[in-house]
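Below: the structure, in structure tokens.
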Amino acid sequence: MKAPDPIGCAIEDFVKGTAEENIIVECDLSEDDIIPVGYLFRNEDLLPEIEKIALSKVKGSVLDIGAAAGPHSKILKERGFEVTAIDTSEKGVDYLKSIGINAIHSSILDYSDKKYDTLLLLMNGIGIAGRLAQLTDFLSHCASLLNEGGRIICDSTDVQYFFEEDDGSLWVDLNTAYFGEFKFKMKYKDVLSDWFDWLYVDLSTLEEHCTEAGLKMEVLYQDAPAFLVEIKKNDNAGIM
């Protein structure tokens with residue numbers, strides 16, 4: 001039985017011109033949020049600054065992880081990069097293939113077929129790690145997909161502000177091991193995903209886990225609470 005694919009259904013409807021509803025994001029720790037379907041198809045002019053900077057740092061062959069409708073893949077392909085998109089949404093991958101983008105239907109955790117010069121994890125893409133206890137292994141797996149001199153470009157958000165009380169103290173859910181661990185569901189029309197884990201990691205904690213994985217991290221951009229980093233293997237000389 002196929003897993004529910006609300007993102008893919010939304011992409012399919014948008015292409016058909018019938019996407020009349022938003023994607024609803026349910027969270028275990030906050031009120032529901034929405035993603036307008038059209039945002040999945042944003043062009044370069046509509047990219048937030050953090051994504052524009054991320055794309056300016058790309059080098060060589062690219063693996064766009066969690067590509068959805070491929071806004072970043074499309075831009076990079078237009079710039080002449082060799083781009084591969086990967087996503088767990090089957091309908092999303094079908095759409096990307098239909099517009100000429102090399103796309104793979106898989107979880108990044110199950111993928112090891114090829115190495116790349118740049119791994120791109122945007123829209124809080126490092127969150128795919130799911131839980132803090134899995135972050136070091138996730139980073140190690142991503143690093144195993146890099147060519148010599150390659151880099152991981154990813155962003156995250158320090159969500160401590162979400163738990164701040166008026167007196168400056170932090171309210172923390174004692175059922176979670178780390179304040180950045182959330183659970184989400186996505187819904188589009190009557191298509192509802194299962195709950196899935198998502199990780200928002202703060203900058204210093206991310207750097208600690210990079211070190212544990214034998215990696216080094218450089219901050220490329222900060223606009224609190226969001227930040228963008230480049231992660232490389234410690235022995236990298238870099239691609240010129």
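Pairs needed: first member in the range 130-150, in contact (Cβ under 8 Å) with a residue 40 or more places away in the chain and more than 21 Å from Asp197 (Cα to Cα); second member anywhere, polar (S, T, N, Q) and crowded, with 18+ Cβ neighbours inside 10 Å; C-beta distance under 7 Å; at least 6 residues apart or different chains.
Between residues of the range 130-150 that are in contact (Cβ under 8 Å) with a residue 40 or more places away in the chain and more than 21 Å from Asp197 (Cα to Cα) and residues that are polar (S, T, N, Q) and crowded, with 18+ Cβ neighbours inside 10 Å, the close pairs are Gly150/Thr118.
Taking the conditions exactly as written (over 27 Å from Pro71 (Cβ atoms), at pLDDT 95 or above and of a type in the set (Val, Ile, Thr)), does Thr157 satisfy them or not?
no
Can you work out which of the residues in the range 193-228 that are aromatic (Phe, Trp, Tyr) and over 30 Å from Ala3 (Cα atoms) is surrounded by the most Cβ atoms within 10 Å (Cβ to Cβ)?
Phe227
What are the residues in the range 112-139 that are closer than 24 Å to Lys185 by Cβ and more than 15 Å from the chain's Cα centre (by Cα), if any?
Selection gives Leu132, Ala133, Gln134.
Kindly indicate whether any position in the range 122-142 is among the polar types (S, T, N, Q) and either in contact with a Gly (Cβ under 6 Å, 6 or more places away or on another chain) or part of a strand (DSSP E or B) (or both).
No, the range 122-142 contains no residue that is among the polar types (S, T, N, Q) and either in contact with a Gly (Cβ under 6 Å, 6 or more places away or on another chain) or part of a strand (DSSP E or B) (or both).
This table checks each residue for (1) modelled with pLDDT of 95 or more; (2) over 18 Å from Pro71 (Cα atoms); (3) under 17 Å from the mean Cα position of the chain (by Cα); (4) exposed (fewer than 15 other Cβ atoms within 10 Å of the Cβ).
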| residue | (1), (2), (3), (4) |
| --- | --- |
| Met1 | no, yes, no, yes |
| Ala10 | yes, no, no, no |
| Ala19 | no, no, no, no |
| Glu26 | yes, yes, no, no |
| Glu31 | no, yes, no, yes |
| Leu40 | yes, no, yes, no |
| Asn43 | yes, no, no, yes |
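The values are calculated or read from the model by the stated rules, or taken from the named source; none is laboratory data. Not measured: the values here are computed from a predicted model. Positions of Cβ are generated from backbone atoms using ideal geometry, with glycine treated the same way; all protein chains shown enter the neighbour counts.
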